[in-house]
Amino acid sequence: MNAFWQDVRFALRVLRRSPLFSGVAVLTLGVGIAGNTAIFSLMDALLLRPMPGVKAGGELAVFERWQEGQLLGDLGYPDYRDYRDRLKSFSGVAAEARTRASFSSGGASERVATALVSGNYFAVLGARAAAGRLLGDADEREGGPAVAVIGYAFWRRTFGGDPRAVGSTIRLNGHTFMLVGVAQREFRGTSTQFQPDLWVPITLQPVAMPRLTPDTLQNRASGWLRIFARLAPGTTLARAQAETSAVAAQLAQAYPETNHTRMVALVPGLGLDSDDRAEVRSLLGLLLGCVALLQLIACANVANLLLARSAARRREVTVRVALGAGRARLVRLFLTEGALLAAGAGLLGAMLAPMVAQLAVAANQNAYTMRGVEVQLDIRVLGFVLLLTLISGVLFALAPARRATSVDPTASLKDGSPGAGRTSSRVRGGLIAAQTALSVVLLAGAGTGVATMRRALRANPVAQPENVLLASVDLDVQGYSSAKGLNFYDALLERARALPGVTSASLGSAIPPEEFFGRRAIFHPGEEPALREFQADDFKFGLRVDDDTIAPGFFRTLGVPMLEGREFGAADRAGSPRAGIVNERLARRLWPGGNAIGERIVAPDFSGPVRPPITIVGVVKDAAVRSLAGEATLQLYLPLAQEYSGRATLIVRGDAGTAGLGPALRAEAARLDPSVPLFAIEAMPQHIATSLWRQRLAAGLLGIFGALAVALAAMGIYGVAAHSVSQRTREIGIRMAIGARGEQISALVVRQGMAWVLAGAAVGLPAALLVTLAMKKGIPGALPYNPWVLGATLGLLGAVSLLASYLPARRAARVDPVVALRCE
């Protein structure tokens, strides 16, 4: 132990005598550790950390509905009750649905995140109350009192934390509710994506989610509930899955019209939905792999610095060997120095990582997957930092430690002995080649990320998006009828178009780019199935298309060109012949080589009576409406006046930007009805950026990592070339004394430095191709094997490497032969 502390004290003195070296090494490694830890922190927050306020989260499992091989996720209320009553592998089975409701309590209305939950919801989760009581089984009975539990943060924000709020009444969607309790501070629901402000009984669906059909609570075909359960003591997930599958088979036999192809898969844990979880895991896994390459580059760089120092300390090591120091003692000495540098870097990385992660979250806060994410340095993250620090310390200290043990005392004591340092130069050159190969891979990944983002932005269908403002409105929560709602829409559009600077305005249920477009099945007339058979299981019939309900002027306001026919007009109202607009791709699919105008299609509704066919009145240009990184889908547009929806988004185009339009629109809507506020007001560029959060995150982080990789590679190349010049001063002096010109000496140094770079590029290029292929899975819209990206990668790295080699080469060309030979 005394020898260990002696090594530590000596290492500290050595590092303190070289503050520049120590600072560069710690900063280089610390940045790499910070990047790795930041990505792992995001993975921890989104994928690993249990939901706060939930008891024993590892015992919980989510039910996922699969039908005909498709993941549909949610189930209906009758199915929920059957699983709750029949399954014995669980101590409790609960359900929830998510919505946003209009809340008021003696003041102006606001939209709040609301969860409709079963009576045993809080009991299954093991949540506790901060004040009052939580919901129970008695609250779930149909016709029961309208009660609600409020979230702790919302209670503090709205009621100032006043305990007297419990027992008071509030207004939710225009109906009176009694607050019976406040959830504990830590509890935020079951999902990182949706953190409720209020919880109400599930049987109050007609009030809290009025846009659903009136018979939703009795409709087995309606999928709107997320079901989760807690495993009974001693029960495994596999056993629970077997029993759940058996119950699903029983329901399929008992209710063949709705359940004959329906199966349920159990997914352990709460948090992200499984498809979002898979997407986030793929994206963050890709980013973690890329930043791991940056850490390897940093380790190679520091190893090169340590090798240069070990060459300078060759006489010190020789003296130690001559005095009896063994191999183990020398290795321990160098590893101790490496451990101290790694410890400093780990501390720096742990300090920087939360800031980097929070910046990534803040830049993508509007993305639903990243919303509400809190990055913390918990035990898993700190363990990751410690492990990464230890691995890094071993990696960069191993080469100099191994080099120190191969010292020849006799040769080393002869200053200027031929061949001294030649093996070290080869090792350092090999590290440069490794750095170059890793830099090629990382730069290619960064270039692919940036190219993906640029390609997506070029696919934006909206002309001059900076002049477009969006604002959403929800009339369902105030119980508007379709006639009253259409009158409100007409009045709102009239007022919006009259505002100064507004050139056009319209409405749409979904505004591209939007991931959550509606879906429906369409048919050629005469090919549609019986309506009852279709409504029992619509997924196995017809051609599935994306649909959107829009008001007149929709395409003109967005700047999307009409190719044939017309937009919807005032004549396309309820009671008039049904009209529709299709995009180019759908027109080609339904009527290849023909004219779509005047053709008819049948689009049955999921509920209700048979409706007349739809006549196509227009064809619009193809656009990537779901994701700008994807391709155009099959798209059908229907008039809002004929396909009424109580929730829509107002689109307003100004002639000189959108400044001041938001407050003006909010004021006009309040004049029409103060209980119907506009929400989600945002400029179109913000809407577009939100839809591209994956591409933005990848392009931003990979761009930073790529820039750091180039900087580290340049430092490494420069260090090797400069060290080589200092080692070969005598040789350079002799060459110049016998007639070598300065440009020949420069070419020699550059050629030898670039040889390692070219070797690394040759190894890195195939690896870069594989990485860009892997990015296709992690980043939507990424294109592998992009020759422009690969060419730019090699060009940039080659230019930087050439410059890093040229600077020491120029210094070598200025060596005075007389001075060089005298020094030797």
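A simple count of charges around P461, restricted to other residues whose Cβ falls under 10 Å of its Cβ and scoring Lys, Arg +1 and Asp, Glu -1, yields 0.
Taking a straight line from the alpha carbon of K55, these aspartates and glutamates sit under 13 Å away, with near neighbours fewer than eight places off in the same chain left out: E186. Annotation for E110 and V610: the two label points, set 7 Å from Cα along the Cα-Cβ direction, are 5.1 nm apart. Dipole orientation for the chain: of the candidates G126, G349, L712, L712 has the Cα lying most toward the positive pole (charges on Cβ; Lys, Arg +1; Asp, Glu -1).
When the helices of the chain are scored as -39500 (n - 2.57) per DSSP H run of n ≥ 4 and the total is divided over every residue, the value at 222 nm lands at -16500 deg cm²/dmol. With the charge dipole of the range 48-102 set up from +1 on Lys and Arg Cβ and -1 on Asp and Glu Cβ about the Cα centre, the Cα lying farthest toward the positive end among the listed residues Q70, S89, P52 is that of P52. Given a 1.4 Å probe and the protein chains as shown, W591 ends up with an accessible area of around 30 Å². Rounded to the nearest 20 debye, the dipole magnitude of the range 558-704 is 220 debye, with +1 charges on Lys and Arg beta carbons, -1 on Asp and Glu beta carbons, and the Cα centre as origin. Given their separation in residues at 0.36 nm each and the Cα-Cα distance between them, L807 and L71 gain 259.0 nm when the chain is fully extended. Relative contact order for the chain: 16 percent, from Cα pairs under 8 Å spaced at least 6 residues apart, divided by residue count.
Helix 422-458 versus the longest principal axis of the chain: what is the Cα-based angle in degrees, 0 to 90, to the nearest 10? Taking Cα atoms only, the helix is inclined about 20 degrees. Shape call for the range 559-662 from the C-alpha gyration tensor, a ≥ b ≥ c root eigenvalues: rounded (a/c under 1.5), prolate (a/b greater than b/c) or oblate? Oblate, since a/c reaches 1.5 and b/c is not below a/b. Charged neighbours of E584, selected by a Cβ distance under 10 Å, balance to +2 (K, R count +1; D, E count -1).
Once the Cα atoms are used to define both axes, helix 19-43 deviates from the longest principal axis of the chain by about 20 degrees. Which of the aspartates and glutamates could a cross-linker span from K540 if the Cα-Cα distance has to be under 17 Å and same-chain partners fewer than 8 positions apart are dropped? Within the straight-line limit of under 17 Å, K540 reaches these aspartates and glutamates: E68, E257, E527, E528, D605.
Give me the dipole magnitude in Debye, nearest 20, for the chain about the Cα centre, with unit charges on the beta carbon: positive for Lys and Arg, negative for Asp and Glu. Can you show the working numbers first?
On the way: 86 positive and 63 negative charges, 873 e Å.
Around 4200 debye, computed over the chain.
Helix 274-312 and the longest principal axis of the Cα set of the chain meet at an angle near 10°.
If you roll a 1.4 angstrom probe over the protein chains with everything in place, what fraction of the accessible area of the chain belongs to carbon and sulfur, to the nearest %? Kindly include the intermediate steps, with their values, before the conclusion.
Values: 20890 of 35060 Å².
Ligands and nucleic acids excluded, carbon and sulfur give 60 percent.
Decide, for the range 155-224, between rounded, prolate and oblate: order the square roots of the alpha carbon gyration tensor eigenvalues as a ≥ b ≥ c, take rounded if a/c falls under 1.5, and otherwise choose prolate if a/b is larger than b/c, else oblate. Provide the component values of the computation, followed by the final result.
Numbers: a/c = 2.88, a/b = 1.62, b/c = 1.78.
Oblate is the answer for the range 155-224, as a/c is 1.5 or above yet b/c matches or exceeds a/b.
Take E528: with every protein chain present and a 1.4 Å probe, its accessible area is about 70 Å².
The values are calculated or read from the model by the stated rules, or taken from the named source; none is laboratory data. On a predicted model such as this, the values are computed, not experimentally measured, just so you know. Virtual Cβ from ideal backbone geometry, glycine too; neighbours counted across all protein chains shown. Note: accessible area is taken over every heavy atom of the protein model, side chains too, but ligands, DNA and RNA are not part of it. Shrake-Rupley method; radii C 1.70, N 1.55, O 1.52, S 1.80 Å.
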